[in-house]
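**Student:** Next up is a structure, given as structure tokens.
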Amino acid sequence: MSDSDPLDAFSDKLIPEQEMLTNLAYWFPILDTIGMRVPKTIIIHRGNCEISGIMEGEELDCIRMFIKHILEAMDEIGYPCFFRTGMLSDKFSWKDTCFVEKKPTIKELNARIGRLIETSHMANIAGRPVNYDYWAVREMIPTSPVVHYFNDMPIAMEARAFINNGKIQCIHPYWVEDSFKNAEEDVIEKAKTLQSIPKHLQKELIQMVNYIAKYFKGYWSVDMLLDRDEQWWCTDMAVGERSYHLPTCDHA
């Protein structure tokens, strides 16, 4: 891992709007450059194509080219893979959005893209849609799921850290009790093991978040996923103000 500032290498590619710092296209290249453990990821830009026409069945040449690039990225990453926009994945709809178990037909892929575009519109219903210029196909990290829920999503140990001006502010389990408040009793019971981070898993987690904090100015959330070999991976980041924070935390 290098101590050089990766922001210099990407200064001409950064998305200028403060809101867009949350975009994977901003933070992922930085994490990748500094050698952070991250899922293999291919980022695709929609170019000048208005891909929202996918929802109405439009078959413009540029849409066909966009679909081709997505399928090529999926083939390169391999199946299953994880699919999202730069801003969101609608993971609670799991099988219908972000989880791609095998190579999709064009019709199936169009349906996923349309669903994610629709979610992008709904995520900011009072204003313009959440940006969907950038798309990403990502490696699926093998985990040891504790339970399957939210359209059969495999749920494993995750953590959310908040960093502020280069330092860790706090770290919490990602899956809190409220996440499963409408679940069946057996799901609630199994999920309890996710609601605290075992001591033997905390050292690497803290080291990795501290390292990330060195390269990001301001206030950020950092999401970490534990794989089946008990190694942590950084899977997501966002501007801190946009991220759910445990209301019981002193820093919320």
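**Student:** Are there cysteines in the chain with no second cysteine's Cβ under 4.7 Å away, and if so, which?
**Tutor:** 81, 98, 170, 234, 249
**Student:** I need the per residue convex hull volume for the range 33-140, using only the alpha carbons, in cubic angstrom as a whole number. Don't skip to the end; give the middle numbers.
**Tutor:** Values: hull volume 12.2 nm³, N = 108.
That works out to 113 Å³ per residue.
**Student:** Restrict the search to the range 81-164; then list the trypsin sites (Lys or Arg not before Pro) that DSSP places in a loop and that have at most 16 other Cβ atoms within 10 Å of their Cβ.
**Tutor:** On the way: sites: 84, 91, 95, 102, 107, 112, 115, 138, 160; in loops: 102.
Those satisfying the criteria are 102.
**Student:** Under 5 Å between amide H atoms, partner at least 5 residues away or on a different chain: which partners does residue 169 have, H built in plane at 1.01 Å?
**Tutor:** Answer set, sorted by chain and number: 162, 163, 164.
**Student:** Given charges of +1 on the Cβ of Lys and Arg and -1 on the Cβ of Asp and Glu, with all other atoms neutral, how large is the dipole of the chain about its Cα centre, in debye to the nearest 20? If you can, show how the numbers build up before the last one.
**Tutor:** Numbers: 27 positive and 38 negative charges, 60 e Å.
Roughly 280 debye, rounded to the nearest 20.
**Student:** Filter the trypsin sites (Lys or Arg not before Pro) in the range 176-207 to those in DSSP coil with at most 16 other Cβ atoms within 10 Å of their Cβ, and list the result.
**Tutor:** On the way: sites: 181, 190, 192, 199, 203; in loops: 181.
Hits after loop and neighbour filter: 181.
**Student:** Rounded to the nearest 20 Debye, what is the dipole magnitude of the range 129-244 about its Cα centre when Lys and Arg each give +1 and Asp and Glu each give -1 at the C-beta?
**Tutor:** Details: 12 positive and 17 negative charges, 133 e Å.
Computed charge dipole of the range 129-244: roughly 640 debye.
Values in this text are rule-based calculations from the coordinates and carry no lab data. In this text, all values refer to a predicted model and were calculated from it rather than measured experimentally. Virtual Cβ from ideal backbone geometry, glycine too; neighbours counted across all protein chains shown.
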